[in-house]
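Let me begin by presenting the structure, written as structure tokens, before commenting on it.
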Amino acid sequence: MAKTFKNFIGGKWSAPLTGRHFQNRNPADTNDLIGRFPDSGAADIAAAVRSAQVGYEQWSRTPAPLRGDVLRRVGDLLSARKEEIADAMTREMGKVLAETRGDVQEGIDTAYYAATEGRRLFGHTVPSELRQKFAMSIRRPIGVCGLITPFNFPMAIPTWKAFPALLCGNSVILKPSEDVPHTAHLLVEILLEAGLPEHVIQLVHGSDAAGKSLVSHPGVPVISFTGSTATGSAIGEVCGRMHKRLSLEMGGKNAMIVMDDADLDLALDGVLWGAFGTTGQRCTATSRLIVHRKVHDKFVAKLVDAAAKLALGDGREARTQVGPLIHEASRQKVESYLDAAVLQGAEVACGGSRPRGARTANGFFYKPTVVTGVKAGSRLATEEIFGPVLSVIKVGSYEQAVKVNNEVKYGLSSSIYTRDVNLAFRAFEDLQNGITYVNAPTIGAEAHLPFGGVKQTGNGHREGGWEVFEFYSETKVCYVDYSGVLQRAQLDTYDI
Ligand code: NAD
């Protein structure tokens, strides 16, 4: 009998006030029921906000280095339970164990980075233009932060948001993706075990209805969202009207450029990992391959040969290289793109169908697919598919490659394979993305660097690294005049 899980609201594990639950099943084997999770509603969110406001009063007064100590213990506990969490994550999300271990490791790295930030949280001290006057800025917490996360990084993305938010002294309401609630449950267990005061964290499971209630609640001044661009737009409208601080990390249509001087074996390893890792369901996944015509045929032949050999199956089996998609709806979306591509004259060079056989019969599997002859500007070349589909576009020059890379509405990640150092540095300037890799695939962000995209991928904020701490804190400027007389800025001047 599968377990029925609870929300964590008001300092205790509790059933949803809606009385409703949803099922969480293994996408590699839908007969495997992981558990039932709360399908929460507006009343659950309201209770979470009341509790988080209590938590905020306590936590915002806790010295930042002590807040950091809690996060250090979180890092230790995540390390100790890494294997167990990775296994649970693969079971509910599908990506292979090596990748879910990496996902947990990203949470560990984020915890230790945030822990040390508790002893920095720098402000500035600057000279005043007046005598005997002190001028400085400090960083203050903001309040209750509502965090809404997607399915594809069940541990890393919640930690990218929650750890800096907590370190800055805010309380947190986490509404994780309804596709991966178990990993979020384990994370909250660990936060509590590490000593986080119970009202400081709330876990509210549910679907878009719970997310909408969180976004529109007036007691939540900060929303951080990662997910699709369509959902982010809807959230942005509400937050704009309500004057909320909002971080959006959304879709991508990332490209790898292979120039005619590239190390083709290196590029091959990169594109296989970038396009088919996480079954193409990374926001930074390589969705387009832009290849110089001089090496196009040779490179595509190697690629098709290697992609066709990738082993599909349950991500918890050692021989599996590519797991399932998250849903049947995702698989059907992939199929609809392929139908459209063929109609537009593109050629399916490998994959392009569901696999056959017992290992994949009960899951949402789709063969790694390479489509050649994709026209720049077509749907396959411009829209996010979020599956194991790579569109190959042939170009004749660096300039043309840049143009193709930039003619999409997204701007998350890009990569260029070349041995020409001048071209590599030009690419940093020319490619319109938040992240550009040279001689590495479009995936591979590290927790201590800022992460995010330009254009319709984001709204100007960054997760990760040092920048995210600015999002979760307010700058406060403080002056102390110790002259004993009224000094008027801009009016009173001195003879030098
Ligand atoms: P999604 O937009 O369907 O859902 C994301 C979260 O939003 C879920 O928790 C969902 O319940 C919630 N939600 C849905 N509608 C809502 C609404 N109207 N108001 C409030 N909350 C709502 O995304 P997904 O399918 O889980 O994830 C895939 C998408 O996420 C892809 O587009 C991918 O590119 C993107 N993504 C982006 C990044 C990045 O950093 N740029 C990282 C990972 C994933």
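Of the residues Arg25, Arg61, which is assigned by TED's automatic domain parsing to the domain that holds Val180, within 30 Å of Asp314 (Cα to Cα) and surrounded by fewer than 23 Cβ atoms within 10 Å (Cβ to Cβ)? Let's see the steps before the verdict.
Working: Arg61 fails: within 30 Å of Asp314 (Cα to Cα).
Result of the check over Arg25, Arg61: Arg25.
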**Request:** Could you tell me whether the stretch 181-193 includes any residue that is near the ligand (Cβ under 8 Å from one of its atoms), hydroxyl-bearing (Ser, Thr, Tyr), more than 20 Å from Ser51 (Cβ to Cβ) and touching a residue at least 24 places away in the same chain (Cβ under 8 Å)?
**Result:** no
**Fill in**
Note on the stretch 422-435: residues in contact (Cβ under 8 Å) with a residue 12 or more places away in the chain and either assigned by TED's automatic domain parsing to the domain that holds Trp160 or of a type outside the set (S, T, N, Q) (or both) are Leu423, Ala424, Arg426, Ala427, Asp430, Leu431, Gly434, Ile435
**Members of the stretch 163-180 that are within 15 Å of the ligand (Cβ to nearest atom) and within 20 Å of Trp466 (Cα to Cα)** = Pro164, Val172
**Fill in**
Among Asp44, Asp69, the single one that is modelled with pLDDT of 95 or more, farther than 30 Å from Lys212 by Cβ and in a helix (DSSP H, G or I) is Asp69
**Enumeration of residues in the stretch 455-477 that are within 11 Å of the ligand (Cβ to nearest atom) and either farther than 24 Å from Gly143 by Cα or not in a loop (DSSP other than H, G, I, E, B) (or both)** = Gln456, Thr457, Gly458, Glu463
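Kindly indicate which of Glu335, Glu347, Glu328, Glu399 is surrounded by fewer than 23 Cβ atoms within 10 Å (Cβ to Cβ), closer than 24 Å to Ala301 by Cβ and among the acidic types (Asp, Glu).
On the way: Glu335 fails: closer than 24 Å to Ala301 by Cβ; Glu328 fails: closer than 24 Å to Ala301 by Cβ; Glu399 fails: closer than 24 Å to Ala301 by Cβ.
Only one candidate passes the filter, namely Glu347.
Looking at the stretch 431-442, which of its residues are assigned to a loop (DSSP other than H, G, I, E, B) and either within 11 Å of the ligand (Cβ to nearest atom) or out of contact with any Phe, Trp or Tyr (no Cβ under 8 Å at 6 or more places or on another chain) (or both)? Write out each step before concluding.
If we filter the stretch 431-442 for residues that are assigned to a loop (DSSP other than H, G, I, E, B), which is where we start, we get 431-434, 439-442.
Leu431, Gln432, Asn433, Gly434, Ala440, Thr442, listed by residue number.
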**Request:** Quick one: count up the residues across the stretch 261-286 that are under 13 Å from Val300 (Cα atoms) and either of a type in the set (Phe, Trp, Tyr) or surrounded by fewer than 24 Cβ atoms within 10 Å (Cβ to Cβ) (or both).
**Result:** 5
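So if I check each of Met93, Met136, which one is farther than 28 Å from Ser51 by Cβ and in contact with a strand residue (DSSP E or B) (Cβ under 7 Å, 6 or more places away or on another chain)? Quick ask: steps written out before the conclusion?
Values: Met93 fails: in contact with a strand residue (DSSP E or B) (Cβ under 7 Å, 6 or more places away or on another chain).
Matching residue, one of Met93, Met136: Met136.
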**Residues being within 16 Å of the ligand (Cβ to nearest atom) and either farther than 25 Å from Ala308 by Cα or without any contact (Cβ under 8 Å) to a residue 40 or more places away in the chain (or both) - total across the stretch 373-411** = 4
**Request:** Could you tell me whether the stretch 312-325 includes any residue that is closer than 24 Å to Asn405 by Cα and either in the same structural domain as Thr100 (by TED's automatic domain parsing) or touching a strand residue (DSSP E or B) at 6+ places or on another chain (Cβ under 7 Å) (or both)?
**Result:** no
**Message:** Looking only at the stretch 194-214, filter to residues that are under 22 Å from Ser60 (Cβ atoms) and buried (at least 24 other Cβ atoms within 10 Å of the Cβ); which one of those is farthest from the ligand (Cβ to nearest atom)?
**Reply:** Val200
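Would you list the strands (runs of 3 or more DSSP E) that sit entirely within the stretch 110-152 and hold 1 or more residues that are aromatic (Phe, Trp, Tyr)? Spell out the reasoning first.
Values: elements: 125-127, 133-140, 144-148.
Per the criteria, 133-140.
The values are calculated or read from the model by the stated rules, or taken from the named source; none is laboratory data. Predicted model, so just to flag it, every value in this text is computed and none were measured. Virtual Cβ from ideal backbone geometry, glycine too; neighbours counted across all protein chains shown.
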